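Notes follow once the structure below has been shown.
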Amino acid sequence: MSWTLDYTPTERQSILHSVKATQILYGGAAGGGKSHAVRMDAIMACLENPGCKAYIFRKTLPEIEDNHITPLKTMFIPEDVASFSETKKALNFTNGSQIRFCFSEDDATIHKFQGAEIHWLGPDEAALMTPYQLRFLISRVRLGGWKPVQEGYFPRIIFPSNPGGPSHSFLKRKFIDASPPMTYFYDKSTASKENPRGWKSIFIPAKMDDNPHIDKAMYSGAFTGMAPEQARALRDGDWDSVVGAALFNLSRETHMLRPFTPPRHWTHFSAIDWGTYKPFSIGWYAISEGATLEAKDGWPERYLPPGALVRFSEWYGWNGEPDTGCRLESPAVARTWLAREEEMGLPPMDFRVGDSQMWAQMDGPSVVERMREATQGRVLLRQGRRDRRANYAEFIARLGVAQHDNGMMAPMFFATQNCEHFWRTAPGLLLDANEPDKGPATRGQEDHVYDCVSFAMSMRPIITTMAQRREMEYDEFAARHNVRRGYDPYAT
Ligand SMILES: Nc1ncnc2c1ncn2[C@@H]1O[C@H](COP(=O)(O)OP(=O)(O)OP(=O)(O)O)[C@@H](O)[C@H]1O
Ligand SMILES: [Mg+2]
């Protein structure tokens with residue numbers, strides 16, 4: 001008999017089904033049609049490629065029942081095509097293909113699948129599983145001797161997932177940080193001798209608006225009463241909003257700019273958070289004089305209000321492992337710092353700002369002294385503000401979107417896409433639970449780029465008290481006129 005699958009995919013779902021990639025992150029707003037699409041992808045893979053072994057996972061048995069087995073049973077599939085086995089929890093196709101509906105609540109139970117040869121894998125809500133479970137399943141994925149009919153689709157792993165959960169960072173690093181959405185890339189972490197580039201991969205974002213089949217009012221209602229960043233993670237599928245994130249109002253959509261070179265006449269400066277065992281972080285900044293960055297290569301037009309701080313380039317001193325420094329000596333760093341500016345063709349820096357610990361003398365000259373000496377006085381630093389509470393308030397204030405004099409809405413801080421370590425580390429920083437008004441916790445987090453940006457912001461604060469403004473003006477005055485501390489320019 002002739003039978004066709006009763007399924008009209010949405011636009012995003014069609015994209016998912018058509019991409020030829022081995023790893024696909026499909027996500028992740030709630031209600032985007034992820035579970036539906038991944039199940040259909042498995043069914044189509046099995047129908048068209050006899051002998052396909054497909055595995056759909058959820059964390060628990062009730063979840064796999066509710067999200068996959070129950071909906072499957074409402075579909076009509078003729079017996080001469082496939083039938084469902086309740087005991088095996090498997091859909092057996094007459095052409096030798098099979099979809100198994102599995103669950104694994106913890107790291108120990110995943111070992112049940114030790115012997116599996118998986119051609120098609122779909123760990124639904126992948127971020128809720130642990131990285132250990134995901135790595136284990138990935139290691140079971142291979143073609144063995146199987147020859148699929150369709151070329152370029154197998155082996156195939158689809159991670160349908162919302163942001164948030166034990167594997168949030170694992171997936172974010174693998175996909176979101178690796179490449180912009182809807183762009184193929186090769187995942188080096190899966191490279192092998194046979195496949196030196198690693199697997200072809202892609203991130204396909206799916207939002208609730210992409211799915212006309214759901215009751216939006218009901219779904220949206222579920223977000224009220226949640227922490228704002230959690231609601232944003234689920235509603236918009238925003239992988240940068242981590243629950244408990246310190247920079248809760250930071251997002252790629254609002255704050256990321258395409259790489260560009262700021263006009264030479266803008267104030268340019270550079271900031272450093274110093275480290276040797278830990279990474280050091282150098283950033284180059286420019287202060288906007290009010291400009292529109294025009295649209296280009298798919299990036300929308302952006303308004304950069306007067307006074308907005310733009311981090312447009314960076315140098316992160318690490319050894320390739322998170323939170324581990326490259327152990328370069330300060331004189332070498334200072335010389336390379338200048339060399340990089342020359343290479344980029346930057347105008348002379350108006351000033352440089354550093355971490356106050358760089359002034360500490362242990363046995364011998366301080367880091368600032370060594371940097372100054374190594375560059376014949378060209379690397380001169382001012383001290384950044386170390387007041388964590390004030391720095392955090394400044395950061396949040398600058399990230400906030402406000403209406404400007406010309407009616408445009410924009411924040412007062414931006415970072416270009418090429419500032420990869422800013423985008424890798426800043427969005428995931430967690431708030432200090434004991435003193436949330438001081439921003440990110442200082443222990444166990446890679447906060448060097450955050451500190452670097454804080455020092456930069458402290459040079460041009462937008463929230464200031466009268467006393468702070470006096471202090472700053474005084475410093476400027478003292479520096480220009482070479483007067484000693486204690487002289488009060490306001491005295492009459
Ligand atoms: N192409 C489609 N045709 C018909 N119904 C669809 C289609 N895509 C999704 N749906 C329906 O829309 C609803 C939401 O889809 P689904 O459960 O797949 O979303 P989800 O992204 O997995 O959501 P959640 O985040 O809640 O897990 C379901 O009732 C599903 O059956
Ligand atoms: Mg789902």
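The values are calculated or read from the model by the stated rules, or taken from the named source; none is laboratory data. Everything numeric here is computed off the predicted structure, so don't read it as measured data. Counting neighbours? That spans all protein chains shown, and the Cβs are built from the backbone with ideal geometry, glycine included. Heads up: the accessible areas ignore ligands, DNA and RNA and are worked out on the full protein's heavy atoms, side chains in. Shrake-Rupley method; radii C 1.70, N 1.55, O 1.52, S 1.80 Å.
For this structure, a couple of remarks:
- Using a probe of 1.4 Å, the accessible surface attributed to Asp363 totals some 150 Å² when neighbouring protein chains are kept in position.
- Using a probe of 1.4 Å, the accessible surface attributed to His404 totals some 40 Å² when neighbouring protein chains are kept in position.
- Set of the stretch 28-69 residues, backbone N closer than 14 Å to the point 7 Å along the Cα-Cβ line of Glu117: 51-54
- Under 5 Å, built H, 5+ apart or other chain: amide partners of Gly27: Ser161, Ile204, Ala206
- Taking other residues whose beta carbon is less than 15 angstrom from the beta carbon of Gly144, and scoring Lys, Arg as +1 and Asp, Glu as -1, yields +3.
- Think of the stretch 11-236 as having a plus end and a minus end, set by charges on the Cβ of Lys, Arg, Asp and Glu; of Gly96, Pro71, Leu134, Leu134 sits farthest toward the positive end of this dipole.
- Using a cutoff of 8 angstrom between alpha carbon atoms and counting only pairs six or more residues apart, the relative contact order for the chain works out to 14 percent.
- DSSP bridge pairs, the chain: antiparallel proportion in percent, nearest 5: 50
- All lysines inside 30 Å of Lys200 as judged from Cα atoms, apart from same-chain residues fewer than 8 positions distant: Lys20, Lys34, Lys53, Lys59, Lys112, Lys147, Lys172, Lys174, Lys188, Lys296
- Candidates Gln361, Ala308, Pro212 compared by Cα position along the dipole of the chain: farthest toward the positive end lies Gln361, with charges placed on Cβ.
- The phi torsions of the stretch 70-87, fed into the Karplus equation with coefficients 6.51, -1.76 and 1.60 and a -60° offset, translate into couplings of 4, x, 4, 5, 7, 7, 8, 10, x, 5, 7, 9, 6, 9, 8, 9, 5, 5 Hz, rounded to whole numbers, with Gly and Pro shown as x.
- For the pair Phe351 and Leu143 in one chain, pulling the backbone fully straight at 0.36 nm per residue adds 69.1 nm over the alpha carbon distance.
- D (Stokes-Einstein, µm²/s), Kirkwood Cα radius, the stretch 11-236, 0.890 mPa s at 25 °C: 137
- The equivalent ellipsoid that matches the C-alpha gyration tensor of the stretch 18-84 spans semi-axes of 20, 18, 11 angstrom, in descending order.
- Computed E for Leu61/Asp323 - FRET, C-beta separation, R0 45 angstrom, nearest 0.05: 0.75
- Each principal axis of the Cα atoms in the stretch 110-189 has its own extent, and those three values, largest first, are 35, 32, 21 angstrom.
- Accessible-area value, Met44, 1.4 Å probe, nucleic acids and ligands omitted, Å²: 50
- Net charge, Asp41 excluded, C-beta distance under 13 Å - Lys, Arg +1, Asp, Glu -1: +3
- Test item: Cα-centred dipole of the chain, Lys/Arg +1 and Asp/Glu -1 on Cβ, debye: 740
- The orientation-averaged projection of the convex hull spanning the C-alpha atoms of the chain amounts to 29.1 square nanometres.
- Residue-count net charge about Ala295 - beta-carbon cut-off 11 Å; Lys, Arg +1, Asp, Glu -1: 0
- Contour minus Cα-Cα distance for Leu430 and Arg386 (0.36 nm per residue): 13.9 nm
- Along each principal axis, Cα extent of the stretch 252-461, largest first, Å: 55, 44, 30
- Note on His265 and Glu420: the model spin-label points, each 7 Å out from Cα along the C-beta direction, lie 3.5 nm apart.
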